[in-house]
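Heads up: the structure comes next, in structure tokens.
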Amino acid sequence: MSRLQPGTAGYRRLLAALFFIGVATFAQLYSPQGLLPLIAEDLQVPPDRAALMISAATLGLAAGVIPWSYIGDAMGRKPAMGTAICLACLFALLTVVMPSFPLALVMRFAEGFMLGGIPALAVAYLNEEVSPRAAAVAAGTYISGTTIGGLSGRVIAAPVGEQLGWKPGMLVVTALAVVCVLIFLRTAPAAAHFTPGGTRVRAAAAALFGNLHSAALWVIYLQGFLTMGGFVAMYNFLGFHVAAPPFSLPIWLASFIFFAYLAGTLSSPRAGALAARHGRRPVLIAGNLVMMAGVAMTLIPHLGVIILGMVVLTAGFFASHAVASGWAGASAVAGRSQSASLYNLGYYGGSSVFGFLGGTFLHAAGWPGTVGMVMALALTATVLVALVLPRN
């Protein structure tokens, strides 16, 4: 059976299914981000500790992507993804009923671990079922769903949280995720180009570690680690920056800055199309440079310029991410889903590490400290791409 081609019903169903599961995953993952000032105030913790509500989940996701890649090999892509997202919704509910902050963090870690099944398998599922010529564009469409999820989780949770508390804010997002999960389960086509099967330990190790023999793949994985870490740090602590003088924005109004995520919704499929036409490397470098320009703009003490800077950095980041995530699967030298999982391990590991450290830099040097950290991360990623990755 031939692979799915653009314009066919199966192709549209697959992209719609991946779009909605992307929304469900990332709405839940980042729903506390717009609530961090409320969480810090309610639980009497500093900003970097409040940010652990994000870092615990992204750390869990980083820990989960590799195990879920093997579960997906054994169960099949769609059944594994359905199981993972349903369990994630359960742990999201448990998070808000925990009686203490440490227990809530444990539940967020478990929720993240379950969410790891989606990015671990989505790109592999896509690359297996879609025509190779359409894979880059299809990956960009999936990434656009993740941006809508990230946006909706933030902008829905924050206004509800300011009125009713941060826990009801997170619950509303979980309800949205459940609806999206039902759409995914109904829409996603069965795999036609992958047969589930068990993997022996030696073969499993070869599928994972074989990819680490490639210097190019190392750079792709580091691209996710460095740029995602900086991106999450910007969004984690921007709320604290604009809530303080001279801006003094209320939480509900500050959450509107997350509409900058729409720039990523537009740039990710566009980046996929440009990569298919001009090659991945120049588009990846250009995305990083655009991201750095946006980061620098947030240093200007004018709210309009800061918002524009967030739009620019978001467009640049998601353009790079759409290219790099698809490249990780397409360039695998061993297991394809394992290569995608190694990329996601770096991606969410960076989110956990630098999403926390951004608060340390904020405490030490204010907003310029956080910005300086992010600029250094993006510059390092860009230099590595330029020096190591092949032109074609």
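The values are calculated or read from the model by the stated rules, or taken from the named source; none is laboratory data. Because the structure is a prediction, the values reported are computed rather than measured. Every residue, glycine as well, gets a Cβ built from its backbone with ideal geometry; the counts of neighbours run over all protein chains shown.
Mind telling me which of the residues E128, E111 ends up being buried (at least 23 other Cβ atoms within 10 Å of the Cβ), touching a residue at least 60 places away in the same chain (Cβ under 8 Å) and of a type in the set (D, E)?
Matching residue, one of E128, E111: E111.
Being more than 13 Å from the chain's Cα centre (by Cα) and within 17 Å of S352 (Cβ to Cβ) is the filter; apply it to the range 234-243 and report the residue that is modelled with the lowest pLDDT.
Among them, the one singled out is N236.
Just one of (1) surrounded by fewer than 23 Cβ atoms within 10 Å (Cβ to Cβ); (2) of a type in the set (S, T, N, Q); (3) touching a residue at least 24 places away in the same chain (Cβ under 8 Å); (4) within 30 Å of A334 (Cβ to Cβ) trips up S152, so point out which.
Checking S152 against (1) surrounded by fewer than 23 Cβ atoms within 10 Å (Cβ to Cβ); (2) of a type in the set (S, T, N, Q); (3) touching a residue at least 24 places away in the same chain (Cβ under 8 Å); (4) within 30 Å of A334 (Cβ to Cβ), the one that fails is (4).
Among the residues of the range 4-24, count how many are out of contact with any Gly (no Cβ under 8 Å at 6 or more places or on another chain), among the β-branched types (V, I, T) and assigned to a helix (DSSP H, G or I).
0
To keep it simple, each residue is scored yes or no on (1) of a type in the set (S, T, Y); (2) buried (at least 20 other Cβ atoms within 10 Å of the Cβ); (3) at pLDDT 90 or above; (4) in contact with a Ser or Thr (Cβ under 7 Å, 6 or more places away or on another chain).
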residue: R133; (1), (2), (3), (4): no, no, no, no
residue: A136; (1), (2), (3), (4): no, yes, no, no
residue: A139; (1), (2), (3), (4): no, yes, no, yes
residue: G165; (1), (2), (3), (4): no, no, yes, no
residue: L182; (1), (2), (3), (4): no, no, yes, no
residue: A205; (1), (2), (3), (4): no, no, no, no
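Is it the case that A190 is under 30 Å from T380 (Cα atoms), of a type outside the set (F, W, Y) and in contact (Cβ under 8 Å) with a residue 40 or more places away in the chain?
When the stated conditions are applied, A190 does not pass them.
Please specify each residue of the range 331-348 satisfying the condition of being modelled with pLDDT of 75 or more and assigned to a helix (DSSP H, G or I).
Within the range 331-348, Q338, S339, A340, S341, L342, Y343, N344, L345, G346, Y347, Y348 meet the criteria.
Being surrounded by fewer than 24 Cβ atoms within 10 Å (Cβ to Cβ) and under 19 Å from the mean Cα position of the chain (by Cα) is the requirement here; does A63 meet it?
yes
If you check A27 against the conditions, is it in a helix (DSSP H, G or I) and closer than 17 Å to A157 by Cα?
yes
In the range 277-286, how many are crowded, with 18+ Cβ neighbours inside 10 Å and either in contact with a His (Cβ under 8 Å, 6 or more places away or on another chain) or farther than 14 Å from G316 by Cβ (or both)?
Selection size over the range 277-286: 2.
Confirm whether A271 is surrounded by fewer than 16 Cβ atoms within 10 Å (Cβ to Cβ), part of a helix (DSSP H, G or I), in contact (Cβ under 8 Å) with a residue 12 or more places away in the chain and among the hydrophobic types (A, V, I, L, M, F, W, C).
no
Every residue, every condition in (1) of a type in the set (D, E, K, R); (2) farther than 20 Å from G229 by Cα; (3) touching a helix residue (DSSP H, G or I) at 6+ places or on another chain (Cβ under 6 Å), yes or no:
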{"position": "A254", "(1), (2), (3)": "no, yes, yes"}
{"position": "A260", "(1), (2), (3)": "no, no, yes"}
{"position": "A271", "(1), (2), (3)": "no, yes, yes"}
{"position": "L274", "(1), (2), (3)": "no, yes, yes"}
{"position": "H278", "(1), (2), (3)": "no, yes, no"}
{"position": "N288", "(1), (2), (3)": "no, no, yes"}
{"position": "A296", "(1), (2), (3)": "no, no, no"}
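Among the residues of the range 184-203, is there at least one that is among the β-branched types (V, I, T), assigned to a helix (DSSP H, G or I) and closer than 20 Å to I285 by Cα?
No, the conditions are met nowhere in the range 184-203.
Is it the case that the range 339-360 has a residue that's among the polar types (S, T, N, Q) and within 21 Å of F259 (Cβ to Cβ)?
Yes, the range 339-360 contains a residue that is among the polar types (S, T, N, Q) and within 21 Å of F259 (Cβ to Cβ).
Can you name the residue in the range 1-54 that is hydroxyl-bearing (S, T, Y) and under 20 Å from the mean Cα position of the chain (by Cα) and, of all such residues, is surrounded by the fewest Cβ atoms within 10 Å (Cβ to Cβ)?
Only one residue tops the list, namely Y30.
Taking the range 349-392 only, how many residues are outside any helix (DSSP H, G or I) and of a type outside the set (K, R)?
Looking only at that region, the number is 3.
Do the conditions hold for F209, that is, is it in contact (Cβ under 8 Å) with a residue 12 or more places away in the chain, more than 19 Å from G239 (Cα to Cα) and not in a loop (DSSP other than H, G, I, E, B)?
Against the criterion (in contact (Cβ under 8 Å) with a residue 12 or more places away in the chain, more than 19 Å from G239 (Cα to Cα) and not in a loop (DSSP other than H, G, I, E, B)), F209 qualifies.
Pick from A319, A332, A340: which is in contact (Cβ under 8 Å) with a residue 40 or more places away in the chain, of a type in the set (G, A, S), buried (at least 24 other Cβ atoms within 10 Å of the Cβ) and more than 17 Å from P67 (Cα to Cα)?
A319
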